[in-house]
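> Below are the structure tokens for one structure; questions will follow.
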Amino acid sequence: MRAPGFTLLESLVVLLIVALAATALPRVSGARQGGIVRAAADGVAASLREARLVARADGRETRVVFDTGPGTVRPARGPARPLPAGVRLAVEGAAAEAGAEGRIAIRFDAEGGSTGGRVTVALGSHAAAVEVDWMTGHVR
């Protein structure tokens with residue numbers, strides 16, 4: 001008959017499981033942040049691609065306006081859309097398209113070209129960039 005309690009082997013197995021779970025938690029949290037950043041970057045890219053299509057279809061200039069203060073994107077059509085909470089927004093673009101403090105636009109012309117630029121979204125240690133070619137207006 002065994003004495004009540006746990007054997008050394010059983011205790012070690014439980015400790016191993018707890019240690020593995022503890023090391024997996026930061027990875028899960030980081031993966032979540034990376035997913036948020038990727039989704040925000042995809043949304044920015046979609047707004048830019050839509051603006052290029054609208055400019056070419058309508059035969060007139062369109063702009064996507066970024067406000068880095070509150071972290072919003074105003075597409076060619078529709079109201080400004082906020083980025084997810086905590087996501088930082090940085091925009092590099094033509095000085096001529098910079099407006100009020102923290103606002104800058106990327107403009108597309110009727111032929112599909114643009115002022116070009118780079119939009120970076122970041123959360124924690126994760127970041128993703130969307131680039132707009134100034135000559136062709138292609139969004140990457």
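Just so it is clear, none of the values below were taken in a lab; they were calculated from the coordinates. Here the structure is a predicted model, which is why all the values come from computation and not from measurement. Because the Cβ atoms are built from the backbone with ideal geometry, glycine has one as well, and the counts that use them run over all protein chains shown.
> Do you know the relative contact order of the chain, to the nearest whole percent, from alpha carbon pairs under 8 angstrom that are 6+ apart? If you can, show how the numbers build up before the last one.
Details: 239 pairs, mean separation 31.9, N = 140.
Rounded, it is 23 percent for the chain.
> Computed FRET efficiency, Cβ-Cβ of Arg140 and Ala100, R0 22 Å: what is it to the nearest 0.05? Before the final figure, lay out each step's value.
Values: r = 28 Å, r/R0 = 1.27.
Plugging the Cβ-Cβ distance into 1/(1 + (r/R0)^6) gives 0.20.
> Have a look at Glu50, Glu111, Glu101 and tell me which one the Gaussian network model of the chain (Cα, springs below 10 Å) gives the largest fluctuation.
Looking only at Glu50, Glu111, Glu101, the biggest GNM fluctuation is shown by Glu101.
> Just name one of Ala55, Leu20, Ala96: the one whose Cα is farthest towards the positive end of the charge dipole of the range 13-140 (beta-carbon charges, Lys/Arg +1, Asp/Glu -1).
Farthest towards the positive pole: Leu20.
> Which of these, Ala19, Ala122, Ala46, has the largest mean-square fluctuation under a Gaussian network model of the chain (Cα springs below 10 Å)?
Sorting by GNM fluctuation, first place goes to Ala19.
> Counting pairs of Cα atoms in the chain, how many percent are more than 18 Å apart?
Details: 5953 of 9730 pairs.
Above the 18 Å cut-off, the chain has 61 percent of its Cα pairs.
> Provide the gained length on full extension for the span Arg81 to Arg56, in nm with one decimal, where the gain is 0.36 nm per separating residue minus the Cα-Cα distance.
Details: separation 25, 0.36 × 25 = 9.00 nm, distance 2.29 nm.
Here the segment from Arg81 to Arg56 would lengthen by 6.7 nm.
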